[in-house]
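Presented below is the structure to which this report refers.
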Amino acid sequence: MEKQSISLCLITKNEEKYLEQCLNSVKGIVDEIIVVDTGSDDKTKEIAKKFNAKIFDFKWVDDFSAARNESLKHATKEWILVLDADEILDEEGLKTVKDFVKDKENDGFLFLQKNYTNDNSVAGFVLEKHKNFSGWYGSFIVRLFRNKKGFKFEGTVHELVEPSIENKKGKIAATNVFVHHYGNSDSSVIKKKRQFYLELCKKKVKQKPNASSYHELGILYRENNKLDDAIKSFKKAIQLNPKHSMSFFEIGVIYEHQQDYDKAIKNYTESLRIKESSEVFQNLGVCFLKKGKLKEAYRNLTKSLLLNPNKYTIYNNLGAVQERLGNYDSAIQMLQIGVKLNPNNVIGHYNLAIAYDKKGDFEKALESYLKTVELGHRKKEKIKERINQLKAIVASSPNYGYSFKYGG
């Protein structure tokens, strides 16, 4: 088979802080680097030149998709890899990307973007220590796709190529590749960015008052914590396009975060009636789990797993279901897969420790508890108390002060 080459496409403006680590993370797998710069006055271009990047100036027109699509015009290789300058590709992902481009069936691949933060109040927050961060919130985004198929980005701010691939009947596959995103770590900077993005979306709604514009506006309202306005925008998108599955999903995310699980379940179910999605099945399963409806939780989490067998958080949640059912061996089996897929999966290790503990396998419970503390679980001081008890080999069954965690 002829070698499949990759073009890395980036858009930049004053990215000297992060750009070098971004390019270093993928220089071994890409065959050309395309940088579309929208007005840098720092060392961004100088850094890009060190990597023999092809640099093109582009006048900013208040539209991220326009800049993205400009970068695609200059890409000459068979596949396109898209990153932001403040992101790096996970080292394990490097090993698999070269395999993906040999694929003859799929046109695009979803990567998990991990947005690192210390704000555990963010919707979808996953406790997982990384560098100086306590965790992340994520989303699956197509970051690798075929070139020369006419695929284009859509969206003023949250630009996506998925709609274009789907409209052209292309196939998209989920992967277990992580993209580490560090640019949202400074709360003051991200607050200013989100307000700026919100104004861009308001402007777009006036220019193009369609379902896509209202959906994107809803996302920005949600990110700015204006949840009532977000729901109104998503409902307007649904009014304009009753089959807008992602707007139903986003409404569900808001209600789940507010712990209104009945409304969340209703909206997730509507989203799935339009289009099946691993992420929606997982969120629906978690809502049922939190309501104590274990059969419904198991059914939906299993469907999520069938669509994306490499997502470790699904195994965390299936393990939680099995533990609640008293099936400790099955819980352990699920959780072992979860921590194998992601060795830094702190919730997986924590739940695994509890499963071993409740089963009475204290030696393995101790091992998992120690790993949980090593990974920086926020309850590590309380966990240390249990570790000391296990070290003393408590013969009787204690009253555990722990409970399974789910959702992340």
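Laboratory data are not the source of any read-out in this text; all were calculated from the coordinates shown. Please read these numbers as outputs of a predicted model, since none were measured by experiment. Glycine also receives a Cβ, built like all others from the backbone with ideal geometry; neighbour counts cover every protein chain displayed.
What to note about this one:
- Entries of Lys13/Lys152; Lys303/Lys359; Lys171/Lys236; Lys73/Lys303 with Cα pairs more than 32 Å apart: Lys73/Lys303
- Sorted by Cβ neighbour density within 10 Å, fewest at the top, the residues Asp37, Asp86: Asp86, Asp37
- Least to most buried among Ile354, Ile33 (fewest other Cβ within 10 Å first): Ile33, Ile354
- For Lys104, the aspartates and glutamates whose Cα comes closer than 19 Å to its Cα, not counting residues fewer than 8 places off in the same chain, are Glu2, Glu78, Glu162, Glu166.
- The charge dipole of the chain, taken about the Cα centre with unit charges on the Cβ atoms of Lys, Arg (+1) and Asp, Glu (-1), comes to about 780 debye, rounded to the nearest 20.
- Among Arg143, Arg324, the order by Cβ neighbours within 10 angstrom, fewest to most, reads Arg324, Arg143.
- Over 29 Å apart at the Cα level, from the set Lys27/Lys275; Lys50/Lys98; Lys50/Lys77; Lys59/Lys102, are Lys27/Lys275; Lys59/Lys102.
- Here each label is just a point 7 Å from Cα along the line to Cβ, and for Thr302 and Asn344 those points are 3.3 nm apart.
- Listed candidates [x] 18, 36, 26, 15, 3, 1, 0; [y] 29, 62, 9; [z] 25, 56, 18, 1 - label of the one calculated as P(r) over Cα pairs in 20 Å bins from 0, in percent: [z]
- Taking 7 Å steps out from each Cα toward its Cβ at Lys152 and Val189 produces label points 3.2 nm apart.
- Rounded to the nearest 20, the size of the Cβ-charge dipole of the stretch 6-184 about its Cα centre is 600 debye, with Lys and Arg at +1 and Asp and Glu at -1.
- Degrees separating the helix 294-307 axis from the principal Cα axis of the chain, which is the longest one: 40 degrees
- Principal-axis tilt of helix 362-374 within the chain, Cα atoms, nearest 10 degrees: 40 degrees
- For the stretch 360-379 versus the stretch 189-225, the gap between their alpha-carbon centres in whole angstrom: 43 Å
- Net length gained if the chain between Glu199 and Ser5 were fully extended (0.36 nm per residue, minus Cα distance): 66.0 nm
- Charging the Cβ of each Asp and Glu at -1 and of each Lys and Arg at +1, and nothing else, the dipole of the stretch 322-391 about its Cα centre rounds to 240 debye.
- Placing unit charges on the Cβ atoms of the charged side chains and taking the dipole of the chain about its Cα centre, the candidate lying farthest along the positive direction among Tyr298, Asn184, Gly376 is Tyr298.
- Nearest-ten-degree value, helix 346-359 long axis tilted from longest Cα axis of the chain: 20 degrees
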